[in-house]
1. For ILE97, state whether it is outside any loop (DSSP other than H, G, I, E, B) and surrounded by 14 or more Cβ atoms within 10 Å (Cβ to Cβ).
2. Go through the stretch 46-95 and give me each residue that's within 19 Å of VAL23 (Cβ to Cβ) and of a type in the set (S, T, N, Q).
3. What strands (runs of 3 or more DSSP E) completely inside the stretch 25-64 contain at least 1 residues that are in contact with a Gly (Cβ under 6 Å, 6 or more places away or on another chain) and either touching a residue at least 24 places away in the same chain (Cβ under 8 Å) or not small (Gly, Ala, Ser) (or both)?
4. For the stretch 65-82, give me each residue that is assigned to a strand (DSSP E or B) and touching a Phe, Trp or Tyr at 6+ places or on another chain (Cβ under 8 Å).
5. For the stretch 85-94, what are the residues that are surrounded by 14 or more Cβ atoms within 10 Å (Cβ to Cβ) and either aromatic (Phe, Trp, Tyr) or in a loop (DSSP other than H, G, I, E, B) (or both)?
6. Which residue is surrounded by the most Cβ atoms within 10 Å (Cβ to Cβ), if the candidates are limited to the stretch 65-84 and must be in contact (Cβ under 8 Å) with a residue 12 or more places away in the chain and out of contact with any His (no Cβ under 9 Å at 6 or more places or on another chain)?
7. Considering only residues of the stretch 5-18 that are at pLDDT below 95 and not charged (D, E, K, R), which is surrounded by the most Cβ atoms within 10 Å (Cβ to Cβ)?
8. Taking the condition polar (S, T, N, Q), surrounded by 15 or more Cβ atoms within 10 Å (Cβ to Cβ) and within 15 Å of the chain's Cα centre (by Cα), does SER52 pass?
Amino acid sequence: MGDLTKVAAKGDLLPGESILVEVHGQKIAVFNSGDSYYAISDTCSHRGGPLSQGQVEGTVVICPWHGARFDLRTGKVLTPFGTDLSTYTVVIQGDDIKIEM
């Protein structure tokens, strides 16, 4: 297991919400889909938009700048433009949301 870094408390991130965190110099968007938490690179690979500000539909985030779509579970791009993104393992310990790096 890699390094675990606390990024939020569960009460800080309600279902359907996302936040931007920085861990080891990486900008990471953390999402609460209601059933699970996901962490993905915050920077859209199409035009650099902030995915933490994107609209979430289930386990898909839509970039607010140009509509590129990404699967939160895998980081796979779901549109003809953009490339796959890095994902990070989210670990819940008590009320803490942690990201494994």
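1. yes
2. SER52, GLN53, SER86, THR87, THR89, GLN93
3. Passing ranges, in order: 37-41, 60-62.
4. VAL77
5. Once the filter is applied, which keeps residues that are surrounded by 14 or more Cβ atoms within 10 Å (Cβ to Cβ) and either aromatic (Phe, Trp, Tyr) or in a loop (DSSP other than H, G, I, E, B) (or both), the stretch 85-94 yields LEU85, TYR88.
6. So the residue we want is PHE70.
7. LEU13
8. Judged against the criteria, SER52 is a match.
The values are calculated or read from the model by the stated rules, or taken from the named source; none is laboratory data. The structure presented is a predicted model; accordingly, all values stated were derived computationally and were not measured. Don't worry about glycine lacking a Cβ; one is built from the backbone with ideal geometry, like all the others, and counts go over all protein chains shown.
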